[in-house]
Structure formats: structure tokens, C-alpha cells
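Trainee: Just passing along the structure, written as C-alpha cells.
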Amino acid sequence: MAEQARGLAPVRLAIDGVDDGLVLLLATRKRLARLAGRIKAHAGVQGRDGAREQRVRHRAERLASVLGVPPETASGVLALAIGDACRTQGLEPDLDQGAIAGNAPIIAPMMHTHDAYPPTPAQTLLRLLPPPRRIAPLLRVMPPPVHKRLLERAMARVLAAPLRDGTLDFMAGRRLGIEVSDLGLRWVVELQGQRLAAVDAAAEATVRGSATDLLLLAGRLEDADTLFFQRRLVLTGDVELGLTARNLLDRLPWESVPLGLRIALNRGARLARAARSAHQARA
């Protein structure tokens, strides 16, 4: 038996190499999709191109047939890749993406309405969550010092590593504003010694965005470049200071954030995104 399987190891090694190549190609495709999303956002192009997605899948099916690969396999892989590209560009993937059936039609975004499809039980539950603008009046009742203490504690936990190693020293004496537009909240933070403090002063630069988009950024479900190019985050004031802070967040080692906080941020961001999608589907 051992002699019969003697040639198996190198074949499996070659298969592993092909698998690694597939993953590398998917990673490259995702980077290109992110670049395409930035170009589309800069040009003011919104939504998805269903005709192109169909052509991509049909071309893959034709090539697969020539190479002796089941067309539905190629189409299924492309459906997963297209769905990943949509998420990378901040678009909702189709209901059929992620499925293996190769001939399932791509559903155009304008068909995702409550008239065409009744809400799922999950959507019904998510719509019970009030959107951030409904929570804003309740937050305004909370004294500002409480807001500041909560923000300072959150920053101390999330940014503990860069605060220790001096990465945030460029913030010494500089004031960066954070504005949560739909909650009506605004803070100005400044590095004081070894901690970031919320101060009562004018900001040199301000980052403004919705609660959901800021949470998606904090939970690493969206990257800063995509959010800025899609104008979901807006930077005003001292651009150099704002870009330096943004680049720092992009380079922040995710593993340096406490595990429990990473899980909470990730799950909270996913819930907020799903709730927003549910409310938008009803609009």
C-alpha cells in the first residue's frame, strides 16, 4: 500500500500549490475590485453593473467548458468572487451569490424591494432596532462629561499599543475632531502625556461620518480609503493631520486590540450594517 501511494505526496504538494495560487489570485482580485470601487466613486458611478457581472460569469463558463471543468463550478467560484467584490465596494451582494448553482440569475439591486420580496424574519427583527437618528435625543440627555469619559476609556483600550510605543506622539499638542453626524455627537481629542483626552477646544481637523460607518471602520469591516472615496467619511480642516491619523488607523495591528473588544466591535458593526440594510430595504 505504501509503495502504491509513493507518488501521492508530490501530487498533493502540487495541489496545495495550486490552492495557494487560487487564494493569491482571489486576494489580487479583491485589491483590484477595491481600486475599481474608488475609481467609480470618484467618477460618481453608483450601484452595480449587472450586465458586466453576467458577462464575467458567462466567459468563465465558456472557458471552463473548453478546459473540461464543469461550467457550474467556474460560475460558482465567480459568484463568490463577485459577492466579495461587492462587499469590498460597500455594495450589497445578490441573494444568489455564494450559491454554487451556475445558472441562477443575477438579481439587480433595484429589485431588492419589499414589494418584490417580503421581508425575512431577520429583517423584521432588525427593523425593530431604532436607527441612530432616533437615539440621538436620548444621548443628548446624557451630560457631556459622561460622553467624554466613555470616549477616553474606549480610546485607551483600542489604542493602548500605539500609546505605549509612541506611535501617537505626532498628536501631541494637536487637536483632532470626531463627529458622529446622525447621533449629533462631536468630540475633540488631544494627546496629553500618555493618554488621549477629550478637550473643549477647536479642532484642527475633523473626521465626520455616520455611527454605522465609523463602527464599520473600527470593526475592520470597511477600510478608510473606501469610506472616504465613497464620501461616507469626510475629512475637513488640516488635511495632513487627518491623513496621518487615518494612515495610523489603517496600520494599527488588529491583534493589539484586546480580543473581547475585537469581538464586540466586529459583531456590533455587523449588526449595525444589517440593521441599516433592513431599514433601507423598507424605504
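Trainee: What number comes out for the charge environment of Ala198, summing +1 per Lys or Arg and -1 per Asp or Glu over other residues with Cβ under 11 Å away?
Mentor: Values: positive: Lys148, Arg149, Arg153, Arg175, Arg186, Arg195; negative: Glu152, Glu190, Asp200.
Computed value for this residue: +3.
Trainee: While we're on this one: As an exercise, use a Förster radius of 25 Å and the Cβ-Cβ distance of Leu243 and Val45 to find the FRET efficiency, rounded to the nearest 0.05.
Mentor: FRET efficiency, Leu243 to Val45: 0.55.
Trainee: Take the alpha carbon gyration tensor of the chain, find the square roots of its eigenvalues, order them as a ≥ b ≥ c, and report rounded if a/c is under 1.5; if not, report prolate when a/b exceeds b/c, else oblate.
Mentor: prolate
Trainee: Would you kindly state how much longer the chain becomes between Ile15 and Arg153 on full extension, computed as 0.36 nm times their sequence separation minus their alpha carbon distance, in nm to one decimal?
Mentor: 44.8 nm
Trainee: Report the calculated FRET efficiency for Arg282 and Arg231 (r = Cβ-Cβ distance, R0 = 35 Å), to the nearest 0.05. Could the numbers behind the result be given before it?
Mentor: Values: r = 24 Å, r/R0 = 0.67.
About 0.90, to the nearest 0.05.
Trainee: Okay, moving on. Rank the residues Ile15, Ile178 as a footprinting-exposure proxy: fewest other Cβ atoms within 10 Å of their Cβ go first.
Mentor: On the way: Ile15 10, Ile178 19.
Fewest-to-most Cβ neighbours within 10 Å comes out as Ile15, Ile178.
Trainee: Where does the chain land at 222 nm, in deg cm²/dmol rounded to the nearest 500, when only DSSP H runs of n ≥ 4 count, each adding -39500 (n - 2.57), divided by all residues?
Mentor: -18500 deg cm²/dmol
Trainee: Now, a different point. Separation of segment 206-267 and segment 137-179 by C-alpha centroid, Å?
Mentor: 14
Trainee: Only counting other Cβ atoms within 10 Å, I'd like Asp19, Asp84 sorted with the fewest neighbours first.
Mentor: The order, fewest Cβ neighbours first, is Asp19, Asp84.
Trainee: Counting only other residues whose beta carbon sits under 15 Å from that of Leu185, what net charge do I get with K and R as +1, D and E as -1?
Mentor: Numbers: positive: Arg133, Arg134, Arg140, Lys148, Arg149, Arg186, Arg208; negative: Glu152, Glu179, Asp182, Asp200, Asp213.
Overall, the nearby charge balance is +2.
Trainee: Using only Cα atoms, tell me the angle between helix 132-141 and the longest principal axis of the chain; keep it within 0 to 90° and round to the nearest 10.
Mentor: The helix 132-141 is inclined about 20 degrees to the chain.
Trainee: Using a 7 Å offset from the Cα along the Cα-to-Cβ direction at both Thr120 and Arg55, what is the distance between the two label points in nm, to one decimal?
Mentor: According to this spin-label approximation, the distance is 3.1 nm.
Trainee: Another question, if that's okay. Would you mind calculating the gained length between Leu24 and Val146 on full extension (0.36 nm times residue separation, minus the Cα-Cα distance), in nm to one decimal?
Mentor: Separation in residues times 0.36 nm, less the Cα-Cα distance, equals 39.2 nm.
Trainee: Shifting gears a bit: Ranked highest first by average number of other Cβ atoms within 10 Å, how do 208-216, 272-280 line up?
Mentor: Taking the mean over residues of other Cβ atoms within 10 Å, the ranking is 208-216, 272-280.
Trainee: How far is it, in nm, from the label point at Ala36 to the one at Phe170 when both lie 7 Å from their Cα along the line to the Cβ?
Mentor: Label at Ala36, label at Phe170, 3.2 nm between them.
Trainee: Taking R0 as 41 Å, what FRET efficiency do you get between Leu221 and Leu8 from their Cβ-Cβ distance, rounded to the nearest 0.05?
Mentor: 0.50
Trainee: Taking the dipole about the Cα centre of segment 132-265, with the C-beta of Lys and Arg at +1 and of Asp and Glu at -1, give me whichever of Leu196, Gly177, Leu151 is farthest to the positive side.
Mentor: Value: Leu151.
Where a number appears in this text, it was derived from the coordinates with a stated rule and is not lab data. Given the structure is predicted, the values throughout are model-derived calculations rather than measurements. Cβ sites come from the backbone with ideal geometry, for glycine too, and all protein chains shown count toward neighbours.
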